[in-house]
Amino acid sequence: MSRRTDVVVIGGGQSGLAAGYHLRRLGIEHVILDAQATPGGAWQHTWDSLRLFSPAAYSSLPGRLMPAQDGHLYPDAAHVVSYLADYEKRYELAVQHGGWAHAVHRDGAFLRVETDCGDWQARAVVSATGTWTRPFLPAVPGRREFTGRQLHTVQYRSPAEFAGQRVIVVGGGNSGAQIAADLAGTAHLTWVTQRPPRYLADDIDGRALFDAATARRRALDEGRADTGGVASLGDIVAVPPVRAARDAGLLTAKPMFSRLTATGAQWADGTAAVADAVIWCTGFRPALAHLAGLRLRGSRGHITTSGTGSLEDPRFHFLGYGDWTGPASATLIGVGRPARETARQLRDLLA
Ligand code: FAD
């Protein structure tokens with residue numbers, strides 16, 4: 001038998017919690033379903049040395065500042081997990097952990113959410129499933145020929161398991177730079193980026209990215225010209241370990257190789273590198289398999305939204321996947337505003 005509520009939020013990471021905070025404030029009955037057994041979303045699975053690219057206060061969800069972490073301007077992932085666990089408890093958010101939502105169906109006036117732990121009927125669904133469960137690997141020639149180990153950011157934990165090995169790290173974003181810096185003193189590193197690494201100036205960090213995203217949102221809201229977002233500032237926040245490795249000359253990047261071979265990588269100019277492992281720090285895609293078959297995609301194959309709401313069916317909202325659902329919405333500090341908008345729109349829809 002299905003249980004019934006007004007809104008089912010699928011995903012209980014930071015985006016799902018921000019949604020819960022605002023739904024609760026507006027008195028909207030809801031439940032948050034999260035596949036993980038414990039709070040913290042994807043932050044529970046990142047590599048050991050990961051550091052946030054913004055100070056704690058700039059990594060806060062609505063209503064509660066993240067406390068500073070002793071001795072660190074940029075908190076680590078464990079600190080974020082504790083903060084999210086505390087947040088969930090403090091606001092008595094209705095999170096049900098340990099159940100995977102497989103599919104959502106239209107069912108008369110309701111939406112039916114099928115999960116490992118039985119079905120839910122709801123009048124609206126907020127999808128907040130993040131991207132961590134859907135790593136992206138580019139189609140590179142020879143990828144299947146390579147006989148060494150291949151892993152994605154999501155499988156990397158620490159340099160210890162690569163000690164003395166020849167490792168190619170692919171990717172010029174924050175993950176690529178941080179993992180390359182992590183490995184630099186322990187493994188024989190080759191760092192490969194599609195274009196030369198673009199560091200933000202050392203004295204700016206995620207705060208500047210957030211400010212730029214906020215300025216862009218204001219401009220768009222007020223009908224002014226698009227200010228162009230954050231891409232122009234650079235790709236890599238020079239957090240202290242990245243800065244130290246770069247300044248020690250350990251982070252010199254090569255251009256992208258043209259193919260993998262059985263033993264390593266080959267470049268267009270004929271040079272080659274033998275490798276024991278390739279680590280793909282090549283990003284993620286939104287985890288939306290639970291919405292397959294609902295025909296929410298427009299003619300260009302994308303789910304089209306106005307704000308966070310689906311244009312095809314306003315009972316579906318999306319939080320936290322990136323600029324697609326609002327500038328900076330895939331960050332701790334940035335998800336608060338779209339979460340508030342979502343709750344307001346759902347209040348109007350359900351009225
Ligand atoms: P997630 O944390 O992935 O949470 C989604 C939850 O939904 C998970 O618990 C998942 O198990 C669950 N779920 C998924 N599918 C289902 C399903 N079908 N049914 C039930 N549950 C499901 N942001 C910052 O603000 N500062 C940073 O410094 C920063 N650094 C980052 C570094 C890395 C390497 C990455 C990848 C991202 C970083 N981000 C940072 C961006 C962003 O804050 C994180 O990606 C964050 O985890 C996104 O939160 P989320 O709640 O949207 O998704």
Relative contact order of the chain, pairs being alpha-carbon contacts under 8 Å that are 6 or more residues apart, as %: 22
Backbone HN-Hα couplings from phi across region 159-176 [Karplus 6.51/-1.76/1.60, Hz, Gly and Pro as x]: x, 3, 6, 10, 3, x, 8, 8, 10, 9, 9, 10, x, x, x, 5, 5, x
Computed Kirkwood radius, in angstrom, where 1/r is averaged over Cα pairs of region 271-310: 13.9
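Any idea what diffusion coefficient region 71-118 gets from Stokes-Einstein, in µm²/s, Kirkwood Rh on alpha carbon pairs, 4 °C, 1.567 mPa s?
94
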Long-range HN-HN contacts of T115 with modeled amide H, under 5 Å: H102, W120
Rounded Å value of the spacing that divides the Cα centres of region 36-65 and region 271-321: 21
Within-13-Å neighbourhood charge of A265 [Cβ basis; K, R +1; D, E -1]: +1
Whole-number percent relative contact order across region 182-331, with pairs defined as alpha carbons under 8 Å at least 6 apart: 20
Reciprocal mean inverse distance between Cα atoms of region 220-293 - Kirkwood radius, Å: 17.2
Exposure of S258 as accessible area (Å², to 10), given a probe of 1.4 Å and all protein chains: 60
For E29, residues with placed amide H under 5 Å, excluding near neighbours: D6
Approximate shape of the chain as ellipsoid semi-axes (Cα gyration tensor, √5λ), whole Å, largest first: 37, 23, 20
Per-selection metrics, region 266-351 (Cα): Rg and Dmax in Å: 18.9, 66
Bins of 10 Å from zero: percent of alpha-carbon pairs in region 208-351: 9, 25, 27, 21, 14, 3, 0
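Taking Cα pairs under 8 Å and at least six residues apart, what relative contact order does region 258-302 come out at, in percent?
Normalised by residue count, the contact order of region 258-302 is 20 percent.
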Whole-angstrom Cα spans of region 17-130 along principal axes, big to small: 54, 30, 20
Net charge of Cβ neighbours under 15 Å - reference R243; Lys, Arg +1; Asp, Glu -1: -3
Environment charge at S49 (Cβ cut-off 11 Å; Lys +1, Arg +1, Asp -1, Glu -1): -1
Residue-normalised accessible area of region 284-340, expressed per residue, 1.4 Å probe, Å²: 45
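The values are calculated or read from the model by the stated rules, or taken from the named source; none is laboratory data. All values derive from a computational prediction rather than experimental measurement. So basically every Cβ, Gly included, is an ideal-geometry build from the backbone, and we count neighbours across all protein chains shown. Surface accessibility is based on the protein's heavy atoms, side chains included, excluding ligands, DNA and RNA. Shrake-Rupley method; radii C 1.70, N 1.55, O 1.52, S 1.80 Å.
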